[in-house]
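Have a look at the structure below, then the notes.
The values are calculated or read from the model by the stated rules, or taken from the named source; none is laboratory data. What you are looking at is a predicted structure, and each value in this text was computed from that prediction instead of being measured. Every residue, glycine among them, receives a Cβ derived from its backbone with ideal geometry; neighbour counts consider all protein chains shown. The protein model used for the area step is the full one, side chains on, heavy atoms only, and it has no ligands, DNA or RNA in it. Shrake-Rupley method; radii C 1.70, N 1.55, O 1.52, S 1.80 Å.
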Amino acid sequence: MMYNREFESMGRDDLTQLQVERLQLTLNRVYRNVAFYKQLFDERSINIEDIRSLEDLKKLPFTTREDLRRSYPYDMFAVPLRDIVRIHSTSGTTGKPIIVGYTKTDIHTWTSLVARVLTAAEITDQDFIQITFNYHLFTGGFGFHYAAEKIGALVIPASNSDVAKQIIVMKDFKTSTLIGTPGFALHIAAVLQDRGIHPESLNLRKGLFGSEPWSQNMRNEIEKNLHIKAYDNYGITEVMGPGVAFECTEQNGLHINEDHFIWEIIDPETLEPLGPGETGELVFTTITKQGFPLIRYRTGDISRIHTGPCACGRTLVRMERVSGRTDDMIIIEGTNLFPSQIEEVLLEVEGIEPHYEIILGREEGVDTLEIRVEVSEKLSLVDEIRNLQVFKNTIQSHLKSFLDIVPIVTLVEPKTLTRSSGGKLKRVIDNRQI
Ligand code: DLL
């Protein structure tokens with residue numbers, strides 16, 4: 001099933017032409033309306049009129065996360081704020097998050113792109129969809145909500161309430177489709193098992209999961225333990241939110257909505273373009289967004305593109321499931337986090353050294369986060385004992401404000417964390433088996 005057959009199964013030549021036309025409109029829009037892009041192109045003497053093909057696009061500079069951070073809050077918007085009807089944002093601590101804005105047309109586009117995601121997984125107006133993504137600045141909740149309504153399904157906006165409530169809702173409201181992170185699906189499965197609730201006694205048939213990395217093993221486990229068919233979908237706030245790429249029933253890669261996003265794969269070291277089939281960093285150029293268009297945005301996600309035909313009939317290329325990151329970003333329960341954000345919090349607390357280790361684990365599908373921090377040598381034992389709880393509380397409350405889980409903070413003696421040969425600490429130890 002396709003939501004928008006005309007565009008999802010367009011011939012390659014027509015699609016390329018459409019992409020180029022839309023790209024030119026976008027370049028005009030950003031050059032006229034976004035000071036950042038005007039300056040970027042002028043400095044490099046780039047005449048946007050010369051960008052006439054997808055090959056030409058490679059002449060343009062990249063946009064990075066840093067560029068977007070610097071534009072906080074609204075400097076990258078390409079329309080006046082009165083035309084913006086919705087804001088979402090990436091997660092942020094004391095550092096600046098990235099704020100993205102949508103016009104009415106953008107919301108309409110986004111809704112139909114996520115409707116493609118649902119339809120590709122054969123979710124219809126007959127389905128009862130329980131959305132367990134957060135409904136707030138994060139794009140997951142609202143992104144799926146509007147699309148699920150659009151296809152006429154019954155929508156249960158459960159948000160990320162605790163698992164016990166989710167299970168009651170799931171049973172009593174007769175949920176047929178679960179939407180959320182794959183980790184949360186495993187957590188629900190574990191709790192069902194603990195309570196002796198057999199998945200067959202539920203109406204659950206399908207699940208759509210994304211927003212964090214997962215593996216075929218995790219998929220098998222979710223499918224086995226929840227008795228559902230589980231689909232992957234990919235998105236990123238800066239580019240749109242969910243709705244960038246999605247699996248069809250073939251489950252052999254995620255179709256990229258190429259009529260809205262031009263993909264590239266680059267070598268993250270040399271920044272040189274790589275061909276289809278080669279593994280590298282995913283880069284997207286948005287070609288229909290009005291509020292927050294992006295040119296050659298480096299996602300930091302590592303993947304590979306298959307251009308061959310898909311048995312589902314879609315002509316949209318497929319990206320392999322994301323296999324890693326080019327940077328040190330970690331995703332905990334669907335929330336993105338950089339070790340530097342933890343460092344910022346630690347630096348604010350007196351008496352501890354900015355030597356820390358982040359240890360990630362997963363218990364019954366729930367991510368755990370432990371932060372081991374070295375206390376300062378200057379602290380006396382008395383100080384240390386008195387301050388111990390204060391430190392822990394301060395760190396925990398800072399981190400709790402943007403993470404959905406409470407980290408375990410462990411204070412350790414100075415110079416006890418393992419340093420590698422260069423004296424540098426390995427900051428993140430990820431023991432989660434995905
Ligand atoms: O996670 C948008 C989204 C919401 C996608 C709901 C799917 C479902 P961010 O919070 O900006 O946006 O995080 C984006 O999450 O760069 C990837 O590293 C990671 N990611 C998203 N989807 C997947 C996936 C949303 N299916 C970052 N597999 C991206 C692996 C994923 N990683």
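Out of all the residues in region 384-394, is one or more surrounded by 17 or more Cβ atoms within 10 Å (Cβ to Cβ) and closer than 30 Å to I84 by Cα? Taking every residue of region 384-394 in turn, none turns out to be surrounded by 17 or more Cβ atoms within 10 Å (Cβ to Cβ) and closer than 30 Å to I84 by Cα. In summary, P354 fulfils each of the numbered conditions (1) at pLDDT 85 or above; (2) open to solvent by 40 Å² or more (accessible area, probe 1.4 Å); (3) assigned to a strand (DSSP E or B) with the single exception of condition (1). In the set (1) more than 19 Å from the chain's Cα centre (by Cα); (2) surrounded by fewer than 22 Cβ atoms within 10 Å (Cβ to Cβ); (3) touching a residue at least 24 places away in the same chain (Cβ under 8 Å), the condition left unmet by I287 is number (2).
Elements of the type strands (runs of 3 or more DSSP E) sitting completely within region 191-309 and holding at least 2 residues that are more than 13 Å from the ligand (Cβ to nearest atom): these cover 261-266, 280-286. The residue of region 308-320 that is farthest from D267 (Cα to Cα), among those that are in contact with a helix residue (DSSP H, G or I) (Cβ under 8 Å, 6 or more places away or on another chain) and surrounded by 21 or more Cβ atoms within 10 Å (Cβ to Cβ), is R314.
Could we say that G152 is at pLDDT below 95 and in contact with an Asp or Glu (Cβ under 7 Å, 6 or more places away or on another chain) here? Criteria not met by G152. Out of the residues in region 321-332 meeting the condition of being in a loop (DSSP other than H, G, I, E, B) and of a type in the set (V, I, T), tell me which one is surrounded by the fewest Cβ atoms within 10 Å (Cβ to Cβ). By that ranking, first place goes to T326. Of V114, V20, V100, all but one fail to be assigned to a helix (DSSP H, G or I) and buried (at least 20 other Cβ atoms within 10 Å of the Cβ); the exception is V114.
Would you check if G313 is in a loop (DSSP other than H, G, I, E, B), at pLDDT 95 or above and small (G, A, S)? In short, yes. S45 meets all of the listed conditions (1) within 20 Å of T288 (Cβ to Cβ); (2) hydroxyl-bearing (S, T, Y); (3) open to solvent by 70 Å² or more (accessible area, probe 1.4 Å) but one, namely (1). If I filter region 172-180 for residues that are more than 16 Å from the ligand (Cβ to nearest atom), in contact with a Phe, Trp or Tyr (Cβ under 6 Å, 6 or more places away or on another chain) and open to solvent by 10 Å² or more (accessible area, probe 1.4 Å), do I get at least one hit? Yes - at least one qualifying residue is present in region 172-180.
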